[in-house]
Structures are given as structure tokens and as C-alpha cells.
Amino acid sequence: MTESSSPLLEASDLNVWFDLPDGGELHALRGVDLRVGSREKLGIVGESGCGKSTLLMTLMGLLPPSASASGSIRISGQEVLAGGERAFRTHRWKDIAVVFQGAMNALNPVMRIGRQITEVLELHDVATGPAAEARARDLVTLVGLPDVILRRYNHELSGGMRQRVSLAMALACEPQVLLADEPTTALDVMVAAQVLGVIDRLTRELDLALVLVTHDLPLVTRTCDRIQVMYAGKVVETGTPADVYHRSEHPYTRLLFAATADVHSGREELVSIAGSPPRLDEPVAGCAFLPRCPMAREECMTEAPQLLQVASGHAAACRFAGQKVRMS
Amino acid sequence: MNPRDLDTPSVLELDSVVASYRRSARDRKRRTRVVDRVSLSLRKGELLALIGESGSGKSTLAATALRLVTPDCGRVLFDGKDITHSSQRQLRGVRKRMQVVFQDPYEALPARARVRQIVEEPLLVHGIGRSRAQRIRLVHQALERTGLSPAPLFADRFPHQLSGGQRQRVAIATSLVLDPDVLIADEPVSMLDVSARAGILTLLDDLRRDGDLGVLMITHDLSVAAHYADRIAVMYLGRIVEEGPARDVVAAPAHPYTRALLSVVPPKDPLLEVRAEPLPGEVPSFSSLPQGCRLVGRCPWAVGACADTDPSLEPLGDGRSVACHRTGQLPAGTISSRRHSHG
């Protein structure tokens, strides 16, 4: 990537700690890097507690007061993490927007959908009066809803319609980057596929960059250009979908795929990954995946593995990455 | 015993069952049919997956099988015995042999009880075990069968000290301790992390292979069903639209709804191209059912007959049944094709 095409969103060495009630700290993100260029679709995948949602909230500057963060976040080239809330506010929704899993439950139950959208437009000085109403109509059309929806209330809509409305609201200020946290997990499969189709179309029509956070591995291999697999607050592997599926270099990635049921791949036996992720309220010595890893060696206990590049754009945080070591 | 063997006796059988709910508390006459003329049988040692989206009636069907809902018409048979109109007292013995595992292992277990007490509770309810020592022995056996070993160690724990997968094992142990003939598992892994899912599914698989236990697994996840089930029954708006051996249903779905469901599930392999072809629109509500086939407004292959008459579930001859007017006329398109390797 050349200097002139600097990434829309770039984070480096992000660390996030949450204060715990007992006085301790939970180290939720442990040095995460991320880059998203124009029209790129990045998938962040991992199991519960891996830090993927914390990462999204950090990128939006929406961490709770009990959290502290270090590192750097640059939106359109400008540093925002150091600038605090004031810096985030100049970019939030305008350059970078987010859709949540439960966003459809966040709509105001006593305000018509149309008014909720125009309110967003007024709040961010995008448009007022009839111009705002016209823009609201455009937005709902954009997400594939009929404009009668503007006169409806939240309870009159299905889950899929609500998720489309929250998508329309996220797009109100024409952001360049859309973050989506499990945007279809709460939906039925058929409706989820429709909503994903809309998101995919929007990335093309609006030149949107997408950061899709999910636990659903097949979903990101179908949707995204690049994948980052997270484990215990770190990125453990990053690459194209073909890199991480066909040429995976991290044992966790391989096991995660092997644990995922796939209707299209016959009845291969699924594996379960014994054990559970380490506690992040205590320091993690060595590799965090070590207790569950089938190829762990003594060396893994002392040194935390760094992301090792194995090919262009493909890296894994395992000391055996690129060495063709087989899992036992 | 081979569960695919058609001679294996059914342990649970639903025969043309209709179940409905009142439309409102005041209106006693108008009812909404949520399960409409469904026939289904679960054989001993079989794992049958009931697939459907929310609102398809799959949970009501399970409640009818358990006789928590009394059907309007049709029959429910347990181990050959008609229990359609059995009284609550008569059902007690049946319920002991027909157990349920729910979706959410975080909600299903009481927080302040130890695993030992949780698994012992059903024994007390059903008056099993002459002494405490005998009950504890049964509790330990049940825990060991679910893989919570050493049992005395896990028996001493509280639910909050267990992982999601371990909690679901405890929930399964509370069923197993009664040595049931049927286990109804309602979305048993959808709340669990991917790494814990295979463990629970393999456990259910092993349990039914070890004995005569029939497992009815209710799920929205076609992938999970394809991996573990002997047979799959697909429900849409209160009707079973396709039923048959899991392998065949998944390899060549015959009903347009099953085909669409299969297409929207992405493959793991990014080089395997599966075109997502979701049906347009959303599932209509039970109160505004189309007159003909229930899929008619959304089906890309609908013809005139589909709008007029509701197709019945007809056998195809290979152990499969399909409810579609256009059976045999759909293009034999394959769902997936291998993309040219580009990496």
C-alpha cells in the first residue's frame, strides 16, 4: 500500500484493561494491530471472551469508564485514541459507524422509525426538515425497505427489518468504514442471509469498508477479503480466507475450523477443543493457547509468540509458523 | 441395533397431530394452528433432527410429543401406547422416560445448588433410590456418562464454576439419571462456543448408539443436523415439508425451502462456491396463511396449482417424503461448485 492510499482505519498495539470490582485488572486486548483500506472487508473471528467486541468498542471510542486503553488508532490518517472523546467525536458516525447484534432492540419504541432517522440526521447536522425526510427515504430504500416503514413503530417490524433500520441509521452520515458486531447472529438463517446480502451490496455501491466481527467462521470466509483470528486478546493469525483455511499456520485456527460443522463438506468428524481460554485477570506467561495446544513444546511456556509472517499478507503468532510442523 | 433399520420399533410416534393456540384470552373459539397434521416417528437408538426457523412450530411439536400441549386431533404414541389423552397422573411415568435438554445451560441450572443436588433432584421427584447413598451412586454414574469425570469432583461444584459445555453436560446428566428412552434436545449447542459444541454433540451421538435412547434434536442449524442426525425433518409454518435420511436430504434437497436453507449456509472452504439464494420476504404469520402451499408467495418455482391446494407430504420411495407440487420438476442444480483456485 502506498503513502497516498493510507488506510481508512488503522490501529496499532492496542491494549485495553478493565478495572475489576476486586481491585484487579482484566487485560482484554493485548497488543492488537488492524488495518482496513478502502472497500476492504475484514473479518474478526473468535470465540466468546477473545476480545473481538472490545476491539470494536475501542475503535469506536465507546469503552466504558472502567476501561483504559493504550496504543494508537488512526481514522483517515488522524490519531484519535490520544485525543480522547473529543477526537473520536469528530469521526464517529461520520467516518466510522457501527451496527450491533442487538441494535434492533435499541430503537425507540414510542417514536416512528422515520423520526428516529431524521433525528440522527439533525443531530449530526446532515440535514433538517424536508431534506432530512427525503434523506431518510433514501436511506431506507438503500437497505431494501419500502418507505412506508418510516411511519411504523419498532414493534410493527420484524427482526430483519429492524436490523436493516439500524443499518440505515449507521449509514446516515455516509461513513467510509462500517463496523458490524455479530449483525446477523440474532436473526433466522434466511433473514440473516438477506441482511448479509444487503451489507455486501452496500460495500460495493457505497465503497464502504467493512469490519465484520463474528464467532461464525464460515460466515467470514464467505464474506470477507481478509480474516484476523483472535484468541485471548490477541490476533493469532491473519490472512486471506484461503490462507487461513487452506494454509493455516496456527493450531487454534486449524482446530477452530475442525470444530465447525459444515453442511457442504460431508460428515467428517468434528473436534472439540479441550480446556478453556486463560484468565486475563492474571498475567499470561508464554503462549496463551499452550494449555490447549496439541503441538506445544517447552519453549512455548516462556516466550509469548509474535506474529510471524509466513507469506505476503499471511502471518501467525506461533513459534512453529512456517515450519511445517504437524499437529500430533 | 441399526437405527436406520426401518424395522426398529418407534419409541415415539406422532400421527397426524394438530396443535393450536387460542388467538386471545377472551376469544375461546378462534385458534391458530401452529402444528398442522404432522406425522413423525422416532426409532430407538435414532437421532432425528427437526429443522426449522423460529415460528415454524418445531418447539410446539416437541411440547406436543411431551404432552405439555394436548393436540386438537391426531395421536401421540409413546412406546406403542397411546398417550394422547392420558391424564397428568398417567403421564408421570411417561415423563420420567421422556426427558428434555434446553438451549441455555446458563439459565437451566439453579445457581445456588451444587451439581450433586441438581442431578439428584429428578430422583427425589420420581421417588427413585432407597437411600441417599444409592442416589449419589446414580448421580455419579450419570455424571460419568456425560464425561464429567471424576464424578465426585464435579458433583461438588456449583454451576458458576463450570464452563458452558460442562453446564450443558450437567443438564444432560439430570436427564440421564432417570435412564430415559427419549431425549428431546432443544437447540442443545446454539449457546455454546464452537470449541465446546462437538463435545456435546458427540456425547448425544454416543448416548444413543450405546443403548436404545432415541434423540429428537430441535435445531435451526442444518450443519449440525447434517453431521450427527440419521434423519432430518424440515418444518415450515407448522408443516413438515421434507423428511428423510440426513445424507440424502443434505446432498440433494428436494423441497424448495430445504434448497434455500442449504444455500444460505456458507461452507468453511472459501474456494467452494455456494451461491446464497435466500427466499424473498419473510415467514408469514400463522394468522394469515396462504390458501395453497405455505411457501407459495416466496417460492421461485411456484405454479398455479401451488396457490390453490396445500401439497401433502408424499413418499419419494427412497425413505424420503416431500410436500411439493413440483417434485421431480425442479432443475437439478447443484448447490455448490468448486471455485478456481486462486491462491
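The values are calculated or read from the model by the stated rules, or taken from the named source; none is laboratory data. Every value quoted in this text rests on a predicted model; they were computed, and no experiment measured them. Heads up, the Cβs are rebuilt from the backbone with ideal geometry, glycines too, and the neighbour counts pull from every protein chain shown.
Among the candidates A:Cys293, A:Cys318, A:Cys300, the residue that is touching a Cys at 6+ places or on another chain (Cβ under 8 Å), surrounded by fewer than 23 Cβ atoms within 10 Å (Cβ to Cβ) and in contact (Cβ under 8 Å) with a residue 40 or more places away in the chain is uniquely A:Cys293.
Filtering the stretch A:1-24 to residues that are modelled with pLDDT under 95 and crowded, with 16+ Cβ neighbours inside 10 Å leaves only A:Pro7. Evaluation of B:Pro71 against the conditions (1) assigned to a helix (DSSP H, G or I); (2) farther than 28 Å from B:Val189 by Cβ shows that the sole unmet condition is (1). Among the residues in the stretch B:220-228, are any out of contact with any Asp or Glu (no Cβ under 8 Å at 6 or more places or on another chain) and more than 10 Å from chain A (Cβ to nearest Cβ)? Checked against the condition, which is being out of contact with any Asp or Glu (no Cβ under 8 Å at 6 or more places or on another chain) and more than 10 Å from chain A (Cβ to nearest Cβ), the stretch B:220-228 yields no hits at all.
For the stretch A:181-198, a residue qualifies if it is out of contact with any helix residue (DSSP H, G or I) (no Cβ under 7 Å at 6 or more places or on another chain) and under 18 Å from A:Leu139 (Cα atoms), and exactly one does: A:Gly197.
Do the conditions hold for B:Glu277, that is, is it without any contact (Cβ under 8 Å) to a residue 24 or more places away in the chain, assigned to a loop (DSSP other than H, G, I, E, B), in contact with a helix residue (DSSP H, G or I) (Cβ under 8 Å, 6 or more places away or on another chain) and within 25 Å of B:Val34 (Cβ to Cβ)? When the stated conditions are applied, B:Glu277 does not pass them. Checking B:Gly127, B:Gly165, B:Gly147 one by one, the residue that is surrounded by 22 or more Cβ atoms within 10 Å (Cβ to Cβ) and among the small types (Gly, Ala, Ser) is B:Gly165 and no other.
Looking only at the stretch B:239-269, count every residue that is over 18 Å from A:Gly197 (Cβ atoms), in a loop (DSSP other than H, G, I, E, B) and either modelled with pLDDT of 95 or more or more than 19 Å from the chain's Cα centre (by Cα) (or both) and tell me the total. Result for the stretch B:239-269: 5.
Going through (1) surrounded by fewer than 23 Cβ atoms within 10 Å (Cβ to Cβ); (2) in contact with a Pro (Cβ under 8 Å, 6 or more places away or on another chain); (3) within 14 Å of chain A (Cβ to nearest Cβ) one by one, B:Asp206 falls short only on (2).
Condition test on B:Leu295, is it touching a strand residue (DSSP E or B) at 6+ places or on another chain (Cβ under 7 Å), part of a loop (DSSP other than H, G, I, E, B) and within 14 Å of chain A (Cβ to nearest Cβ)?
yes
Among the residues of the stretch B:231-280, the one identified as among the hydrophobic types (A, V, I, L, M, F, W, C), out of contact with any strand residue (DSSP E or B) (no Cβ under 9 Å at 6 or more places or on another chain) and more than 10 Å from chain A (Cβ to nearest Cβ) is B:Ala252. Entry remark, the stretch B:220-238: residues being of a type in the set (Asp, Glu) and over 13 Å from the mean Cα position of the chain (by Cα) number 0 in total. When only residues in the stretch A:44-63 that are part of a loop (DSSP other than H, G, I, E, B) and either touching a Gly at 6+ places or on another chain (Cβ under 6 Å) or not hydrophobic (A, V, I, L, M, F, W, C) (or both) count, which is farthest from the other protein chains (Cβ to nearest Cβ)? By that ranking, first place goes to A:Gly61.
On the stretch given as the stretch A:266-277, residues that are buried (at least 17 other Cβ atoms within 10 Å of the Cβ) and facing another protein chain (nearest Cβ under 7 Å) total 5. Scan the stretch B:151-194 for residues that are within 14 Å of chain A (Cβ to nearest Cβ) and either touching a residue at least 24 places away in the same chain (Cβ under 8 Å) or among the β-branched types (Val, Ile, Thr) (or both) and the total you get is 16. One residue is enough: does the stretch A:116-134 have a residue meeting the conditions touching a residue at least 60 places away in the same chain (Cβ under 8 Å) and exposed (fewer than 13 other Cβ atoms within 10 Å of the Cβ)? Checked the stretch A:116-134: no residue is touching a residue at least 60 places away in the same chain (Cβ under 8 Å) and exposed (fewer than 13 other Cβ atoms within 10 Å of the Cβ).
B:Leu222: out of contact with any Cys (no Cβ under 9 Å at 6 or more places or on another chain) and in contact (Cβ under 8 Å) with a residue 40 or more places away in the chain, yes or no? Yes; evaluated as a whole, the condition is true for this residue.
Here are some residues: A:Pro283, A:Pro294, A:Pro277. Which one is under 21 Å from A:Val220 (Cβ atoms) and not in a helix (DSSP H, G or I)?
A:Pro277
Within the stretch B:308-320, does at least one residue satisfy the condition of being within 12 Å of chain A (Cβ to nearest Cβ) and in a loop (DSSP other than H, G, I, E, B)? No, the conditions are met nowhere in the stretch B:308-320.
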